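Participant: Sharing a structure below in structure tokens format, with a few things to ask.
The values are calculated or read from the model by the stated rules, or taken from the named source; none is laboratory data. If you're wondering where the values come from, they're calculated on a predicted model, not measured in any experiment. Cβ placement follows ideal geometry from the backbone for every residue including glycine, while neighbour counts extend to all protein chains displayed. Please note that ligands, DNA and RNA were not included when accessible areas were found on the heavy atoms of the full protein model with its side chains. Shrake-Rupley method; radii C 1.70, N 1.55, O 1.52, S 1.80 Å.
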Amino acid sequence: MIRIAHFSDLHYGTKNLPEADRCFGAAIDRAIALGVGAAVLSGDATDHGLDLHAPAAERLLAQVRRLADHCPVLMLQGTFSHEPPGTLAIFRLLGGRYPVHVADRIEQVALTAQGEWLASTGWCFDRLPGNVRALFSCVPTVNKAAVAAAVGATEAAQAVGEQLALLLRGYAPINRAARRQGVPTIGVSHGTVFGC
């Protein structure tokens, strides 16, 4: 069994820095005290594109580094208005005791027994990698504007829902194979998927 700490919607920014940092810091303290085996930040770690020299960015980086010194960290791309694409790339370079993996595309990520992240080359693994401790299916924020451009604004919500349903069904075979081997499977997304 693996214990996973889940954090979401931290919204680090100039206006809410003291509260965000106090709350996230306390949650990290609790996760460390509980001896979690991995941590997941499922989107909107920032409240908008932050300058890397801004106090909010410095505090968020320091807190995630503190978490990565304790366990492997998985960060998921959040809403583009809060985390413009590319915002999270810097977290890959933190250099903690354990790696930080940034899931900024639809993918599966396996956490190995050695605390390393293995990402699928496509949207899912063809077969379960060896020595896996947990399997994460990652669905970061979907750009509904791109979907709307392709199918029309009035059809976009329905189209996104249908494609997400197909995607989730597509994960089923590898997830079943993982569970047969005693490997837990975890779905991570940012946003609400109605009807699932």
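Participant: Can you tell me how much longer the chain between ARG92 and LEU167 gets when fully stretched, taken as 0.36 nm per residue apart minus their C-alpha distance, in nm with one decimal?
Facilitator: Length difference between fully extended and current span is 24.4 nm.
Participant: First measure r as the distance between the Cβ atoms of GLN158 and PHE80, then evaluate 1/(1 + (r/R0)^6) with R0 = 25 Å and state the FRET efficiency to the nearest 0.05.
Facilitator: E(calc), rounded to 0.05, equals 0.75.
Participant: Expressed as a rounded percentage, what relative contact order does the range 98-141 have, with Cα pairs under 8 Å and six or more residues apart?
Facilitator: Rounded, it is 47 percent for the range 98-141.
Participant: To the nearest 20 debye, what is the magnitude of the charge dipole of the chain about its Cα centre, counting +1 on the Cβ of each Lys and Arg and -1 on the Cβ of each Asp and Glu?
Facilitator: Charge dipole, the chain, about its Cα centre: 720 debye, nearest 20.
Participant: Within the chain, which whole H helices from DSSP have a Cα span along their axis of at least 20 Å and a mean Kyte-Doolittle hydropathy of -0.5 or more, if any?
Facilitator: Both cut-offs are met by 17-34, 153-180.
Participant: Tell me the relative contact order for the chain as a rounded percent, counting alpha carbon contacts under 8 Å between residues six or more apart.
Facilitator: Relative contact order comes out at 18 percent.
Participant: When ligands, DNA and RNA are left out and all protein chains stay put, how many square angstrom of accessible area per residue does the chain have with a 1.4 Å probe?
Facilitator: Ligands and nucleic acids excluded, the result is 52 Å² per residue.
Participant: Follow-up. First compute the accessible area of the chain with a 1.4 Å probe, then give the percent of it belonging to carbon and sulfur atoms.
Facilitator: Result for the chain: 55 percent of the exposed heavy-atom area is carbon or sulfur.
Participant: Given Cβ point charges of +1 (Lys, Arg) and -1 (Asp, Glu) and nothing else, what value in debye, to the nearest 20, does the dipole of the range 17-66 about its Cα centre take?
Facilitator: That gives a dipole near 260 debye.
Participant: Further question on the same structure: Specify the residue with the greatest mean-square fluctuation among SER137, SER42, SER120, computed from a Gaussian network of the chain linking alpha-carbon atoms under 10 Å apart.
Facilitator: Residue with maximal mean-square fluctuation among SER137, SER42, SER120: SER120.
Participant: Identify which of GLY130, GLY35, GLY43 has the largest mean-square fluctuation in a Gaussian network model of the chain, with springs joining Cα atoms closer than 10 Å.
Facilitator: Looking only at GLY130, GLY35, GLY43, the largest GNM fluctuation is found for GLY130.
Participant: Same structure again: Rounded to the nearest 20 debye, what is the charge dipole size of the range 3-91 about its Cα centre when +1 sits on each Lys and Arg Cβ and -1 on each Asp and Glu Cβ?
Facilitator: The calculation lands at about 280 debye.
Participant: Now for a separate question. Below 13 angstrom from the Cβ of VAL102, what's the summed charge of the other residues (Lys, Arg +1; Asp, Glu -1)?
Facilitator: -1
Participant: While we're on this one: Among LEU74, LEU88, LEU168, which one moves the most in a GNM of the chain with springs linking Cα atoms closer than 10 Å?
Facilitator: Result: LEU168 has the largest fluctuation of those listed.
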